[in-house]
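The structure under discussion appears below in the form of structure tokens.
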Amino acid sequence: MSGVLVLGAGGHGKVVADILLCQGIDVLGFLDDDPASWGTTRLGLPVLGAIATYHRFDPTGLALGIGSNAGRQSVVAQLGDATASLWCNAVHPRATVAGSVRLGRGVVVAAGVVVNPDTIVGDHVILNTGCTVDHDCEIGAYSHIAPGSHLAGGVRIGEGAFMGIGSVITPYRSVGEWTTVGAGAAVVTDIPAKVVAKGVPARW
């Protein structure tokens, strides 16, 4: 039987599997490195074993179901070039993605997301439930835009950055690589790399 394997059997993994099912894509099940999860089910689908065993199931695709930005990066590095052609995007049918948007590999676009024209989304990015990304944004690989976050036009999000739930960023501002923006924060100035920013306006 052919289908996609979801790597990660936690809460985000279930969301990714549900998106794939809503797209009409066959899902073989989950892989997870927690032995306690093996032999259990999620959404009626089996947790089949460890992530490194993916090749045993001859999947047609792989989808990352890991919410941690560093965790996703680690898994991609662990699996290496052998999986480069297998990473598939999970784009919910009730998301709105403009035709000129460029999506990388392994991107997750959840329900209610809006992505407007000429935005570039890097590899293994999560655009989570109900977030909005306006025109001409650039979102770096492994970043995560949490539920209900809003990016105005021309925003730059660095690799591995995290925009917390309900956060907002004004036009043409940037957030540096591997920076965390706290829940509900309002970014009105550029935020440097590898800091934690929170508050209204956001300070680090």
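Would you point out the residue of the range 1-25, among those that are in a loop (DSSP other than H, G, I, E, B) and closer than 18 Å to Gly106 by Cβ, that is farthest from the chain's Cα centre (by Cα)?
Gly3
Restricting attention to the range 65-75, and to residues there that are open to solvent by 30 Å² or more (accessible area, probe 1.4 Å) and in a helix (DSSP H, G or I), which single residue is farthest from Val125 (Cα to Cα)?
Of everything passing the filter in the range 65-75, Ser74 is farthest from Val125 (Cα to Cα).
Could you count how many residues in the range 79-105 are in a loop (DSSP other than H, G, I, E, B) and polar (S, T, N, Q)?
Looking only at that region, the number is 3.
Can you tell me which residue in the range 76-98 is surrounded by the fewest Cβ atoms within 10 Å (Cβ to Cβ), limited to those that are of a type in the set (Val, Ile, Thr) and either in contact with a Gly (Cβ under 8 Å, 6 or more places away or on another chain) or within 24 Å of Thr129 (Cα to Cα) (or both)?
Within the range 76-98, the match that is surrounded by the fewest Cβ atoms within 10 Å (Cβ to Cβ) is Thr96.
Looking only at the range 38-49, decide whether some residue is assigned to a helix (DSSP H, G or I) and either aliphatic (A, V, I, L, M) or over 17 Å from the mean Cα position of the chain (by Cα) (or both).
No, the conditions are met nowhere in the range 38-49.
Quick check on my filter: what residues within the range 43-97 are within 17 Å of Val27 (Cβ to Cβ) and of a type in the set (A, V, I, L, M)?
Answer for the range 43-97, where residues must be within 17 Å of Val27 (Cβ to Cβ) and of a type in the set (A, V, I, L, M): Leu43, Leu45, Val47, Leu48, Ile51, Leu62, Ala63, Leu64, Ile66, Leu86, Ala90, Val91.
Among (1) in a helix (DSSP H, G or I); (2) at negative phi, where does Phe30 come up short?
(1)
How many of the residues in the range 127-142 are more than 17 Å from Ala95 (Cβ to Cβ) and either in a strand (DSSP E or B) or not hydrophobic (A, V, I, L, M, F, W, C) (or both)?
Within the range 127-142, the subset more than 17 Å from Ala95 (Cβ to Cβ) is 136, 138, 140-142.
Narrowing the set further to residues that are either in a strand (DSSP E or B) or not hydrophobic (A, V, I, L, M, F, W, C) (or both) leaves 136, 138, 140, 142.
Selection size over the range 127-142: 4.
The values are calculated or read from the model by the stated rules, or taken from the named source; none is laboratory data. Computed from a prediction, not measured in an experiment: that's the story for all the values here. Reconstructed Cβ throughout: ideal geometry from the backbone, glycine too, with neighbour counts over all protein chains shown. The protein model used for the area step is the full one, side chains on, heavy atoms only, and it has no ligands, DNA or RNA in it. Shrake-Rupley method; radii C 1.70, N 1.55, O 1.52, S 1.80 Å.
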